[in-house]
Amino acid sequence: CAIALLATWLEDFRREVDAPIFISANGGYRSPAHQIGGAKSIHAWGTAANIYRIGDTFLSDAKSIEKYGAVAASLSPAVFVRPFGPKRGETNDHLHIDLGFAILTPRGFSESR
């Protein structure tokens with residue numbers, strides 16, 4: 001369900017920017033084993049994507065990352081966009097977006113069952 005949620009958000013984003021979006025090879029879902037020994041990534045929950053190109057624009061500078069980051073953030077208050085920069089928790093060669101943790105309780109079920 002988390003991947004469907006992310007796919008829906010990415011489609012809304014693609015429609016808003018009116019261009020194809022390109023996700024890095026390791027920029028979508030990642031197995032929890034992907035970062036052995038390191039911090040676990042939100043990518044393991046299937047709710048994050050690293051976008052390296054939108055249309056003909058490669059996201060490799062502050063101007064493009066901040067421009068499309070603002071568009072991404074405007075689509076939902078639930079979206080987190082990493083800021084541009086070289087430090088830990090920042091990005092300087094792609095647009096990192098994540099939707100946080102998604103929990104689904106199927107219709108007709110409850111946590112008590």
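The values are calculated or read from the model by the stated rules, or taken from the named source; none is laboratory data. Computed from a predicted model, the values in this text were never measured in an experiment. Ideal geometry is used to build each Cβ from the backbone, glycine not excepted, and the neighbour counts take in all protein chains shown.
General observations
- Residues in segment 78-113 that are over 23 Å from Tyr68 (Cα atoms) and either under 17 Å from the mean Cα position of the chain (by Cα) or touching a residue at least 12 places away in the same chain (Cβ under 8 Å) (or both): Ala102, Ile103, Leu104.
- Leading residue by the ranking (nearest to Ala25 (Cα to Cα)) among those in segment 84-95 that are part of a strand (DSSP E or B) and touching a Phe, Trp or Tyr at 6+ places or on another chain (Cβ under 7 Å): Leu95
- Any pair with Cβ under 7 angstrom, 6 or more apart, that starts in segment 17-33 at a residue that is over 18 Å from Gly100 (Cα atoms) and ends at one that is in a loop (DSSP other than H, G, I, E, B) and at pLDDT 90 or above: Ala19/Gly55; Pro20/Gly55; Ser24/His94
- Arg30 being surrounded by 15 or more Cβ atoms within 10 Å (Cβ to Cβ), modelled with pLDDT under 95 and among the basic types (Lys, Arg): yes
- Output for segment 68-83, where each listed residue is buried (at least 16 other Cβ atoms within 10 Å of the Cβ) and in a helix (DSSP H, G or I): Tyr68, Gly69, Ala72
- Test: Ser60 is assigned to a loop (DSSP other than H, G, I, E, B) and touching a His at 6+ places or on another chain (Cβ under 9 Å): yes
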